[in-house]
Amino acid sequence: MLYKKYLIIFPVILVIGIVSIFILFYLLPIEIKYKNLIETGNKIIKELDIYYSDNNMYPDREILSDNYYKTIEDIYRRALQDDNIKYLDAALPTYYKKNDEYLLIFPFGMDPPELFYYSVTKKWQYGIAPL
């Protein structure tokens, strides 16, 4: 009889434990949950600011038409050159620019939500990007 009681209690406790872990992970702040991505993004933001101070503009697809992708790749490489990870193995954000604003977006699949940095608010956010 005691054996049957444990057969019911153990799976219930296991399911409650697993659900609790997922809920706690969901409630963690994004600074903890996505720490590595934010650190990578902050390095890229620093390089974008250096590019801005040198050229008085952020990389723009229309102005740099032929060299745009090379410029973005160079910024990413410079940002990650001190890391012990290979450039191609890093999770890299997508860069979007509109007027004097830009976004760095780490997509998590095909649809939002996503982790993004918006240059107007200067904060990392999780949700749907504004541009």
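Annotations for the structure displayed:
- Check on Tyr69, free of Cβ contacts under 8 Å to residues at least 40 places away in the same chain, part of a helix (DSSP H, G or I), among the aromatic types (Phe, Trp, Tyr) and surrounded by fewer than 11 Cβ atoms within 10 Å (Cβ to Cβ): no
- Residue within segment 77-84 that is in a loop (DSSP other than H, G, I, E, B), surrounded by 12 or more Cβ atoms within 10 Å (Cβ to Cβ) and modelled with pLDDT under 80 present: yes
- Tabulated pairs, segment 94-109, first under 18 Å from Ser53 (Cα atoms), second of a type in the set (Asp, Glu) and surrounded by 15 or more Cβ atoms within 10 Å (Cβ to Cβ), C-beta under 6 angstrom, 6+ apart or interchain: Lys97/Asp60
Residue-by-condition table, conditions (1) more than 28 Å from Gln125 (Cα to Cα); (2) in a helix (DSSP H, G or I):
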| residue | (1), (2) |
| --- | --- |
| Leu7 | yes, yes |
| Phe10 | yes, yes |
| Ile32 | no, yes |
| Glu47 | no, yes |
| Met57 | no, no |
| Ile63 | yes, no |
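- Filter result for Tyr52 (aromatic (Phe, Trp, Tyr) and more than 20 Å from the chain's Cα centre (by Cα)): yes
The values are calculated or read from the model by the stated rules, or taken from the named source; none is laboratory data. No experiment lies behind these values; they were computed from the predicted model shown. Note: ideal-geometry Cβ built from the backbone for every residue, glycine included; neighbour counts use all protein chains shown.
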